[in-house]
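Below is one structure; the comments refer to it alone.
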Amino acid sequence: MRTEPCIEKKGKYLSRLLRDLTAAVLITPLVLFATLARADVSDALFPGLVEQASGLERLHSLVIAVDGELLFSKAFRGPGTEVPVNIKSLSKTVLSAIVGIAVDRGVFTSVDQPIADLLDVPANASHRVSDVTVGHLLSMQAGLQRTSGRYYGEWVNSDNWVNYVLSRPFVAEPGADMLYSTGSYHLLSAALTESTGRSTLATARDWLGEPLGIKIRPWLKDPQGIYFGGNNMHLSPMALLKIGELYRNDGVHAGKRLLSPEWIDQSWTERGTSRYTDDRYGYGWFVTDLGGHRAYYGRGYGGQMLYVVPDLEMTVVMTSDPEPPASPSFMQKQNALLEDFVIPAFPLAPASSPRSSQAQR
């Protein structure tokens, strides 16, 4: 993805802006060009956005691209947009992409493959583990007791994270309720490690990092040396933008296919429902509506966000201070930035329905 807008594409937005502003203030285009030359074009496109975004004290960075063109990129505080940061549970969205490539390449036979075919199941685990599939883990519908929230500390302090997750009691039927649990994604990281014969880091760099031209540095591992699935990856906002653009472009980057469009449809198909936001969840992506437009997003603790709004050809990244914990209203404020200051810059008839029949389920 280009990091600088090309002149002909920028002209598309500026020509509309010039038309609207000249009509409003009755000045000549030549004078207006001189004014815009001194001002940040993004300020003209998104009036009030900088002031509103900078007022969110937790917000570190905001990056906006439309149709592959970088229209806004600013670090309000904290690291710059090219610096890797802890993306917390937004790691689940990234790991979902890697699992998708594994399915596309036949490393996993399908999302219906039982996890018991991929990992050794401890003797104290329920026989029902054999009913849990790769897809159940991706949508966090495994039915196993959660390892997030109040269960998180005991899990990460155990001496074998994989066995701990597999031996949890069942509290729901596999494929039924969405139970937000990072342990489900850690099982996927373990399955990738077992099936590829190399670390999740090496696979992520080979399948995603190198093709996209993004840096993926080592992150936390469990006591057995398996890279943490679903948490604590470090990626820069610009790297996250490329991942979002990969999905927006149906799995193609720089003319090369990395993900199948079928995988993206599956990832954006509504499955379970979040108990916290009532948004639906697919494979590593939440599904919602913003400003009347269907939007897909991945999120991480404290306000790490990656949005894709297909009918606006828009990809947005926000990173935030993960400490201390953010209130539940902070994500609402992040969503409001898009609904109040970004989406209105692209007047288009709202299209809330998903982009394909597959994604409507």
Quick one: in region 57-76, which of the residues that are open to solvent by 10 Å² or more (accessible area, probe 1.4 Å) and within 14 Å of MET305 (Cα to Cα) is nearest to the chain's Cα centre (by Cα)? HIS60
Among the residues of region 150-171, is there at least one that is at pLDDT 95 or above, over 30 Å from VAL63 (Cβ atoms) and of a type in the set (Asp, Glu)? yes
Return only the number of the condition from (1) touching a residue at least 40 places away in the same chain (Cβ under 8 Å); (2) assigned to a loop (DSSP other than H, G, I, E, B); (3) more than 24 Å from ALA97 (Cβ to Cβ); (4) open to solvent by 30 Å² or more (accessible area, probe 1.4 Å) that PRO122 does not satisfy. (4)
Scan (1) open to solvent by less than 10 Å² (accessible area, probe 1.4 Å); (2) of a type outside the set (Phe, Trp, Tyr); (3) in contact (Cβ under 8 Å) with a residue 60 or more places away in the chain for the single condition VAL129 breaks and write down its number. (3)
Note on region 99-119: residues more than 17 Å from GLY229 (Cα to Cα) and not hydrophobic (A, V, I, L, M, F, W, C) are ASP104, ARG105, GLY106, THR109, SER110, ASP112, GLN113, PRO114, ASP117
Quick one: which residue in LYS242, LYS215 is within 26 Å of ASN86 (Cβ to Cβ), under 18 Å from the mean Cα position of the chain (by Cα), at pLDDT 95 or above and surrounded by fewer than 17 Cβ atoms within 10 Å (Cβ to Cβ)? LYS215
Among the residues of region 220-237 satisfying the criterion of being in contact (Cβ under 8 Å) with a residue 40 or more places away in the chain and aliphatic (A, V, I, L, M), which is farthest from LEU188 (Cα to Cα)? LEU235
Selection from region 49-70 of residues that are assigned to a strand (DSSP E or B) and either within 25 Å of PRO324 (Cα to Cα) or of a type in the set (A, V, I, L, M) (or both): LEU59, HIS60, SER61, LEU62, VAL63, ILE64, ALA65, VAL66, LEU70
Looking at VAL309, VAL287, VAL316 in this structure, which one is farther than 23 Å from GLU210 by Cα, in contact (Cβ under 8 Å) with a residue 12 or more places away in the chain and buried (at least 23 other Cβ atoms within 10 Å of the Cβ)? VAL309
Looking only at residues that are of a type in the set (A, V, I, L, M, F, W, C), assigned to a loop (DSSP other than H, G, I, E, B) and in contact with a helix residue (DSSP H, G or I) (Cβ under 7 Å, 6 or more places away or on another chain) in region 311-351, which one is modelled with the highest pLDDT? PHE346
Residues of region 156-180 being surrounded by 17 or more Cβ atoms within 10 Å (Cβ to Cβ) and among the aliphatic types (A, V, I, L, M), which ones? VAL156, VAL162, VAL165, LEU166, MET178, LEU179
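The values are calculated or read from the model by the stated rules, or taken from the named source; none is laboratory data. Not measured: the values here are computed from a predicted model. We place every Cβ from the backbone using ideal geometry, glycine too, and count neighbours over all the protein chains shown. Only protein heavy atoms, including side chains, enter the accessible area calculation; ligands, DNA and RNA are left aside. Shrake-Rupley method; radii C 1.70, N 1.55, O 1.52, S 1.80 Å.
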